[in-house]
Every structure is written in structure tokens, then in C-alpha cells.
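Please find one structure pasted underneath; my questions will follow.
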Ligand SMILES: [Zn+2]
């Protein structure tokens with residue numbers, strides 16, 4: 001049996017760009033190492049989740065790891081919380097939250113509290129309290145954004161939003177959307193009352209007002225979801241797994257699946273990460289683990305920035321780091337793909353497919369000679385991200401026999 005290294009180039013898929021002579025950033029990039037793997041590998045295209053779906057990184061990574069998001073994904077709240085670095089456990093209830101401004105009558109006058117994050121880290125700590133037997137954790141995000149996590153017995157995501165989604169109205173009372181949600185709604189309404197008091201009395205808001213910033217004197221909740229309880233990776237696949245990623249969202253998903261999270265000390269998750277050091281860490285973890293997932297965020301960042309040249313250059317720097325992959329293909333099945341496309345012409349995730357390559361010694365290679373969206377579409381495989389894990393098991397001699 002071989003070890004497995006699954007490399008996810010976040011948002012790598014793209015469309016032809018006029019500034020790159022009508023090539024995609026992958027096609028335009030100098031990428032001898034990726035092409036080496038394609039020449040010696042089995043290639044094709046992957047539809048993230050299923051054909052035409054503009055997948056999020058959360059749903060797509062779940063799917064790539066073999067957990068069907070249609071079964072385990074119940075809303076953005078939990079993944080927003082995980083993305084902010086909150087330590088979520090299966091069964092926790094999570095919401096997306098806004099710090100907002102209400103007037104003396106309690107009417108929402110600004111749903112985003114001036115889009116200003118001044119003091120929200122301190123407010124989040126003050127708002128992390130226990131009511132009855134339920135623990136509440138708040139974590140601040142960018143500008144006015146935050147997430148709320150609830151932990152306790154008999155909690156359910158079947159509750160309404162408190163966010164009225166418009167100004168000129170009061171925050172709504174939370175109501176249960178089924179019998180399951182009764183306790184959750186009750187304790188949440190108690191919590192929100194307490195939260196208004198905490199925010200009203202907090203020094204942070206006197207400081208904000210002294211600086212001419214709208215007070216963050218209300219917390220609006222929306223998008224309740226339950227953090228899924230996932231079957232541990234090792235139990236599911238009989239492999240010990242690790243993850244190397246630069247962003248909390250991917251680390252959080254990996255940890256929910258039971259992968260050990262290793263963070264590269266120099267920090268990653270930016271356009272100019274140390275791809276070489278990160279790849280080196282991923283490769284070295286194969287000594288201890290059967291399976292390593294590495295996510296590289298840079299291509300997605302350039303896609304959102306609508307910058308095809310930056311995306312091409314990031315891919316070239318990543319490719320240099322991939323000179324470390326050729327020597328391990330004897331003992332390791334190396335796979336490279338994306339979690340979705342982030343075309344620079346769109347600036348967002350799209351439903352375009354992504355290329356994939358599987359390489360290891362002795363694999364049945366196809367005729368593809370380069371790693372990019374167009375070359376790999378001549379390869380053998382047309383699969384969805386839900387199939388990737390099964391291919392990894394099969395090509396590393398780990399698949400169980402189906403039948404006699
Ligand atoms: Zn993205």
C-alpha cells in the first residue's frame with residue numbers, strides 16, 4: 001500500500017484571459033513539475049460536488065475528503081465560525097452574526113455598526129458567557145462580522161434569525177421552527193437580552209462613540225446550522241491523516257473529519273506564502289501519516305482579486321516547490337486538483353470544472369502531457385469531487401473488494 005498526498009490548489013481553475021494571450025493562468029504558467037506529474041500520471045477533470053456547481057471551499061473540501069456535503073452541510077453558520085478559527089465540535093449550533101447599531105427605542109439603524117471593527121474582539125470576549133446549561137462563544141470577524149457558537153444538550157438549528165435583515169425594525173425574537181427548536185429559541189432569547197445589556201454597558205461602546213464610530217450595541221443572528229458530527233477519518237478509511245493548510249476554514253474542516261492539523265510556522269494562506277517550506281512539511285508528514293491533505297490558498301486569492309497575471313505567477317512559485325514531489329512518487333500516490341474554479345474574469349467561484357492528476361510509479365497513465373484545464377480534459381477521468389477519495393484508495397491499493 002502506498003501513502004497518499006492530496007494537494008488542493010484553492011480556486012485554481014480559470015478561464016482564458018486576454019492578458020495571457022487567451023490562455024488560463026495554469027496554461028500560461030511555467031510549470032515543469034506539474035507537467036512532469038501529468039506526463040506520468042492519470043488525468044482528467046473534476047466537477048466540484050457535481051456538474052456546474054459553484055462550490056464553496058467548505059463544501060468542496062468535505063466532498064474531496066469523501067463526506068457528502070448534501071448529508072452533512074446544514075448551513076453556513078458552522079463553517080463561518082470554523083473559518084474564524086473557533087474550535088467547534090459536532091453538535092454545536094452556530095450562527096453568522098453582525099454587530100449592529102440600535103437607537104434608544106431599540107430600532108436597528110445600522111445593521112453593520114459602521115462596518116467598523118473597533119473593540120469587537122473585546123466585545124466578543126464579553127459576550128462569551130453561559131446561560132442556564134448552555135455555553136455561548138462569540139468570535140469577531142472582519143469589520144462588523146462575527147460568529148456565535150452555542151454548546152449544550154438538546155440544542156437544534158431549527159430556529160429563526162434575530163436579524164430583521166432591514167433597518168427601521170427591532171431585532172426579531174427568535175422563534176422555534178419545529179418542536180426541536182423550543183429550548184434553543186428560549187435560551188437564545190435570554191442570551192440576546194443579556195447581550196444587549198452587556199453591549200450597552202461595555203466601555204468599548206463609550207470609546208466608539210467618543211471616536212465618532214457607531215456603537216456596536218446589538219448582535220444580530222442569522223443562518224443557524226449544526227456543526228456536523230463526522231465519522232472520524234481513520235475509522236472511515238483505516239488511515240491516519242494530517243492536514244497542512246493556511247486558513248482556519250480548511251483547518252477546521254480537517255479537524256472535524258479527524259485529521260491532525262499541522263500549521264506551517266511561517267504562516268501561509270496568502271498570495272506570497274512560503275510554498276516550498278509548506279510542501280516540505282507536507283512531504284515530511286508522510287513518514288508519520290498514511291494520508292496528508294495540503295491546501296494552497298494563493299490561486300483563489302488572485303482569482304478573487306481578478307488578477308490573472310498574479311495567479312499565473314503564484315502558480316509558478318507553487319510549481320517550484322513541487323520539485324519535491326517527483327522523488328516521492330515511488331512510495332506515494334500524489335494527487336493535485338482544485339476545490340473549485342475562481343476565474344479572474346468572474347472574481348468569484350464558478351461552476352467550471354478543475355483539472356486533476358494522480359501520479360505514482362506503475363500507474364496506468366494516459367496521453368496527457370501538461371497539467372491545466374484544457375490538457376487534462378483530454379485525460380481519462382470525468383469525475384466529481386465525491387469520487388476523488390475512492391480513486392485515492394483504489395490507486396494506493398487500499399480499496400476493499402466489492403463482492404466475492
Ligand atoms: Zn474563494
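Out of curiosity, is residue 121 modelled with pLDDT of 95 or more and in contact with a strand residue (DSSP E or B) (Cβ under 6 Å, 6 or more places away or on another chain)? Step through it out loud before you land on a result.
Numbers: modelled with pLDDT of 95 or more: yes; in contact with a strand residue (DSSP E or B) (Cβ under 6 Å, 6 or more places away or on another chain): yes.
The answer is yes for residue 121.
Here's another thing I want to ask about it. Name the single residue, out of those in segment 349-367 being outside any loop (DSSP other than H, G, I, E, B) and under 18 Å from residue 16 (Cβ atoms), that is farthest from the ligand (Cβ to nearest atom).
So, considering only residues that are outside any loop (DSSP other than H, G, I, E, B) and under 18 Å from residue 16 (Cβ atoms), the one farthest from the ligand (Cβ to nearest atom) is 355.
To continue, here is another question. Looking at 207, 194, 201, 169 in this structure, which one is surrounded by fewer than 17 Cβ atoms within 10 Å (Cβ to Cβ), within 17 Å of residue 146 (Cβ to Cβ) and over 31 Å from the mean Cα position of the chain (by Cα)?
Details: 207 fails: within 17 Å of residue 146 (Cβ to Cβ); 201 fails: within 17 Å of residue 146 (Cβ to Cβ); 169 fails: within 17 Å of residue 146 (Cβ to Cβ).
Being surrounded by fewer than 17 Cβ atoms within 10 Å (Cβ to Cβ), within 17 Å of residue 146 (Cβ to Cβ) and over 31 Å from the mean Cα position of the chain (by Cα) holds for just one of 207, 194, 201, 169, which is 194.
Tell me whether segment 66-76 contains one or more residues that are away from the ligand (no atom under 16 Å from the Cβ), crowded, with 22+ Cβ neighbours inside 10 Å and part of a loop (DSSP other than H, G, I, E, B).
Within segment 66-76, one or more residues are away from the ligand (no atom under 16 Å from the Cβ), crowded, with 22+ Cβ neighbours inside 10 Å and part of a loop (DSSP other than H, G, I, E, B).
Something else now. Counting only residues that are in contact (Cβ under 8 Å) with a residue 12 or more places away in the chain, under 23 Å from residue 25 (Cα atoms) and surrounded by 16 or more Cβ atoms within 10 Å (Cβ to Cβ), how many does segment 253-292 have?
7
Here's another thing I want to ask about it. For the condition farther than 24 Å from residue 398 by Cβ, in contact (Cβ under 8 Å) with a residue 40 or more places away in the chain and in the same structural domain as residue 255 (by TED's automatic domain parsing), what is the one hit in 35, 21? If you could, list the steps in order and put the result at the bottom.
Numbers: 21 fails: in contact (Cβ under 8 Å) with a residue 40 or more places away in the chain.
Going through 35, 21 in turn, the sole match is 35.
Of all residues in segment 303-331, which are surrounded by fewer than 19 Cβ atoms within 10 Å (Cβ to Cβ) and within 16 Å of the ligand (Cβ to nearest atom)?
Once the filter is applied, which keeps residues that are surrounded by fewer than 19 Cβ atoms within 10 Å (Cβ to Cβ) and within 16 Å of the ligand (Cβ to nearest atom), segment 303-331 yields 304, 305, 306.
Could you say whether any residue in segment 332-348 is surrounded by fewer than 24 Cβ atoms within 10 Å (Cβ to Cβ), in a loop (DSSP other than H, G, I, E, B) and more than 16 Å from the ligand (Cβ to nearest atom)?
Taking every residue of segment 332-348 in turn, none turns out to be surrounded by fewer than 24 Cβ atoms within 10 Å (Cβ to Cβ), in a loop (DSSP other than H, G, I, E, B) and more than 16 Å from the ligand (Cβ to nearest atom).
Related question: Considering each residue of segment 77-97, count those that are over 21 Å from residue 232 (Cα atoms) and either surrounded by fewer than 24 Cβ atoms within 10 Å (Cβ to Cβ) or within 16 Å of the ligand (Cβ to nearest atom) (or both), and give that number.
2
The values are calculated or read from the model by the stated rules, or taken from the named source; none is laboratory data. The structure presented is a predicted model; accordingly, all values stated were derived computationally and were not measured. Glycine gets a Cβ as well: all are built from the backbone with ideal geometry, and neighbour counts include every protein chain shown.
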